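Have a look at the structure below, then the notes.
The values are calculated or read from the model by the stated rules, or taken from the named source; none is laboratory data. Computed from a prediction, not measured in an experiment: that's the story for all the values here. With ideal geometry, Cβ positions are generated from the backbone for all residues, glycine too; neighbour counts draw on all protein chains shown. Just the protein is used for accessible areas: all its heavy atoms, side chains included, with ligands, DNA and RNA removed. Shrake-Rupley method; radii C 1.70, N 1.55, O 1.52, S 1.80 Å.
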Amino acid sequence: MDSVTLAIVVPCYDEAEVLPSTNATLLEKLQSMVSQGLVSKASFIIYVDDRSEDGTWEVVRALSSPVVRGVRLSRRCGHQCALLAGIEAAFDDCDACVTIDADLQDDPDILSEMVRRFREGADIVYGVRRDRHTDSWMKRTSAGNFYRVMRGLGVDCVSNHADFRLLSHRAVSDLLQYGERNLFLRGIVPQLGYDQAEVYYDRRKRMAGYSKYPVRRMLDFAIDGITSFSVRPVRMLFWLGVIFMLTALGIGIYAVVRYFQGETIEGWTSLILSIWFCTGILLIGLGIVGEYIGKIYIEVKHRPRYRVAEKT
Ligand code: UDP
Ligand code: MG
């Protein structure tokens, strides 16, 4: 592989404050990769303005050049959609694209290592954080638990990797076949398959501006992530129902014994039995209905069933 044209995709929401310095850093990095012969001169940076309200677009326009492009969305669509918009806009003109946040909390210095891995044959290269000491306690614990729950629910995702990754042209082309509205790229990308690699880095603090992921948005994001990849929570309802039924059985035996011992208040036996039994039936019913809805849910996503990587 001689010349790799790289696109660096940067989603921006209210990032006017950091953009000039981000752009300078990225340009310098790109320049050095060009002079090392890692990427071609045609490589470029593309800023996706997620309809900011602080003049980000004006900054992007001012920075535009043959190497710097800008795309502005018609309304705020959120981080994940902004990423996809950038990837799609870069698709035709690049061999690989890297997505990185505008605040450069993710270390742009590892871009060269990512490109090297790509040249060695990886289609997907994840930027993975070595540790999370720069995060608040809240963010650290919630993130740790989130990845644990995701894996527990059978969703394949890379721990401590956010949306800092390199995708090859064919990986992007496959990604664009996923027509779902509820985008959770961290879950979709591992499903693409091919050869995947990881590159480690230390995450820094945000240089300027504010985080667009307060706790509430983070929780929403986590719930979206889980529910767009797993129908297991529904199956849990079914098993919960089974547990209730078994409990009803146990309580039934106990209640009958107490009844014959004459130690119960009038009506207690039937009441306690019906509570556990009916709740169990209801939960099992919900679980069964949910199981079908889950199937419909998976079907309507129309995700590709398989992809051919190579042919002889
Ligand atoms: N972002 C976006 N649209 C949004 C929210 C965030 O394009 O609705 C961008 C934001 O400009 C940044 C990236 O997504 O480039 C990650 O956001 P941020 O750094 O605020 O998240 P954190 O690092 O605090 O999790
Ligand atoms: Mg950030």
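For the reader, a short list of remarks on this structure follows.
- If the condition is being of a type outside the set (A, V, I, L, M) and in contact (Cβ under 8 Å) with a residue 40 or more places away in the chain, then the stretch 263-286 contributes only Gly285.
- Scanning the stretch 290-306 for residues that are of a type outside the set (Gly, Ala, Ser) and in a helix (DSSP H, G or I) yields Glu291, Tyr292, Ile293, Lys295, Ile296, Tyr297, Ile298, Glu299, Val300.
- Test result for Val155, modelled with pLDDT of 85 or more, more than 29 Å from Thr56 (Cα to Cα) and aliphatic (A, V, I, L, M): no
- Within the stretch 17-58, restricting attention to residues that are part of a loop (DSSP other than H, G, I, E, B), of a type outside the set (Val, Ile, Thr) and in contact (Cβ under 8 Å) with a residue 60 or more places away in the chain, the residue that is farthest from ligand 2 (Cβ to nearest atom) is Gln36.
- For Leu282: the one exception among (1) under 30 Å from Tyr178 (Cα atoms); (2) open to solvent by 80 Å² or more (accessible area, probe 1.4 Å): (1)
- For the stretch 126-166, filtered to residues that are among the polar types (S, T, N, Q) and in a loop (DSSP other than H, G, I, E, B), the residue that is farthest from ligand 1 (Cβ to nearest atom) is Ser159.
- Scan of the stretch 78-93 for residues that are under 11 Å from Val172 (Cβ atoms), open to solvent by 10 Å² or more (accessible area, probe 1.4 Å) and touching a helix residue (DSSP H, G or I) at 6+ places or on another chain (Cβ under 7 Å), ordered by number: Phe91
Residues checked against (1) under 20 Å from the mean Cα position of the chain (by Cα); (2) within 16 Å of ligand 2 (Cβ to nearest atom):
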| position | (1), (2) |
| --- | --- |
| Leu83 | yes, yes |
| Glu88 | yes, no |
| Asp92 | no, no |
| Cys97 | yes, no |
| Asp103 | yes, yes |
| Asp109 | no, no |
| Arg117 | no, no |
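Per-residue answers, yes or no, for (1) open to solvent by 10 Å² or more (accessible area, probe 1.4 Å); (2) more than 15 Å from Ser74 (Cα to Cα); (3) modelled with pLDDT under 90; (4) touching a Lys or Arg at 6+ places or on another chain (Cβ under 7 Å):
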{"site": "Pro11", "(1), (2), (3), (4)": "yes, no, no, no"}
{"site": "Glu17", "(1), (2), (3), (4)": "yes, yes, no, no"}
{"site": "Ser21", "(1), (2), (3), (4)": "yes, yes, no, no"}
{"site": "Thr25", "(1), (2), (3), (4)": "yes, yes, no, no"}
{"site": "Glu28", "(1), (2), (3), (4)": "yes, yes, no, no"}
{"site": "Gln31", "(1), (2), (3), (4)": "yes, yes, no, no"}
{"site": "Ser35", "(1), (2), (3), (4)": "yes, yes, no, no"}
{"site": "Asp49", "(1), (2), (3), (4)": "no, no, no, yes"}
{"site": "Thr56", "(1), (2), (3), (4)": "no, no, no, no"}
